[in-house]
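The structure appears right after this line, and notes come after that.
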Amino acid sequence: MSIDKAQSLILNKRDLRETSLLVDFYTREFGKICGVLKGIRTDPKKFGSNLELFSLNEIVFYRKTHSHIHLVSQADKVDDFTGIRQSIERTAVAGFMMEIINALMQLEDKNTEVFDLALAALKELQTNYTPEKIATIFKIKILSISGFKPHFDSCVSCLSRISGQSRFSLALGGLLCPRCIAKDPSSRSIFRGTIATVLHIERNTFATSLNLGMNPQIKKELDLILNAFLNFHLGRELKSQRLMNKLEVTVG
């Protein structure tokens, strides 16, 4: 058993027996890990953090070789992103980002790009009041760098470059050219502007992508396709996505 230290974001937490917590962390150094914090519910002062969802913490843990649950001996809060917590819309988006990371990433599969993306998105969410746009950009970029990226570069079936009209196939995970449309009769039409938006966001930084204009029609189609893609490949709808949908209806 080795002792390790890591910067981590809180993805999820749940009670374990009467005194402890089981927490899913996403760390820069080790990827997603699961840790138990013994006695924290009866003696919170044992730790320097209350482990709020999407807060940034520095943790020390004993890494077990024969179990995926490690013992966390120290957790100190670095940033709880107070500005996000002052808005229900921002909080919902931050919760969604943590849930999608938890759903997509495998235990202890290190990916510093995912950690850096999440941290950049949280910082933007705290200071930039465009939570819906931040959520859309985050969805595109996390799918791209986590290996679940929809195929928008060319036809997903024949790999030919698409210069004209195309359709999007959920089942095949990407665009179909006119010659391959018959391979998925349930594929749907898609605006060329939507395709261009996805490619621009995949190829640019988070901050640069925030400056991209996104008309309401393309924004609506992007969310429809991305949410359907996630639901199809995860086999379920994320709870935080349902909350964001309700908030959007309420606010709208």
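A straight Cα-to-Cα reach below 21 Å connects Lys183 with the lysines Lys149, residues fewer than 8 places away in its own chain not being considered.
The candidates His66, His233, arranged from most to least accessible area with a 1.4 Å probe in the full protein assembly, appear as His66, His233. The heavy atoms of Ile3 offer some 110 square angstrom of accessible surface to a 1.4 angstrom probe.
Going by alpha carbons, how many degrees (0 to 90, nearest 10) lie between the helix axis of 88-104 and the longest principal axis of the chain? The angle comes out at about 90 degrees. For semi-axes √(5λ) of the Cα gyration tensor in Å, the value computed from the atomic coordinates appears in the list (i) 36, 20, 15; (ii) 33, 20, 19; (iii) 43, 21, 16 under label (i).
Relative to the longest principal axis of the Cα atoms of the chain, helix 192-203 runs at roughly 40 degrees.
Straight-line cross-link partners of Lys38 among the aspartates and glutamates, defined as a Cα under 19 Å from its Cα and at least 8 positions apart when in the same chain: Asp4, Asp15, Glu18, Asp24, Glu52, Glu58, Asp76. Per atom type, the stretch 1-99 shows carbon and sulfur on 48% of its accessible surface, probed at 1.4 Å.
Taking a cut-off of 21 Å, what percent of all Cα-Cα pairs in the stretch 62-183 are separated by more than that? In whole percent, the share of Cα-Cα pairs in the stretch 62-183 beyond 21 Å is 57. Distances between placed amide hydrogens fall under 5 Å for Gly174 paired with His151, Ser169, all partners being 5 or more residues away or on another chain. Taking the chain as the reference, fit the longest principal axis to its C-alpha atoms, fit the long axis of helix 112-127 to the helix C-alpha atoms, and give the angle between the two in degrees, 0 to 90, nearest 10. Between helix and principal axis, roughly 90 degrees. Cross-link partners for Lys246 among the aspartates and glutamates, with Cα-Cα distance under 19 Å and sequence neighbours closer than 8 places in the same chain left out: Glu89, Glu99, Glu132, Glu221, Asp223, Glu237. Think of a 1.4 Å ball rolled over the protein heavy atoms: the chain then has 49 Å² of accessible area per residue.
The values are calculated or read from the model by the stated rules, or taken from the named source; none is laboratory data. Nothing here was measured: the structure is a model prediction, and the numbers come from that model. Just the protein is used for accessible areas: all its heavy atoms, side chains included, with ligands, DNA and RNA removed. Shrake-Rupley method; radii C 1.70, N 1.55, O 1.52, S 1.80 Å.
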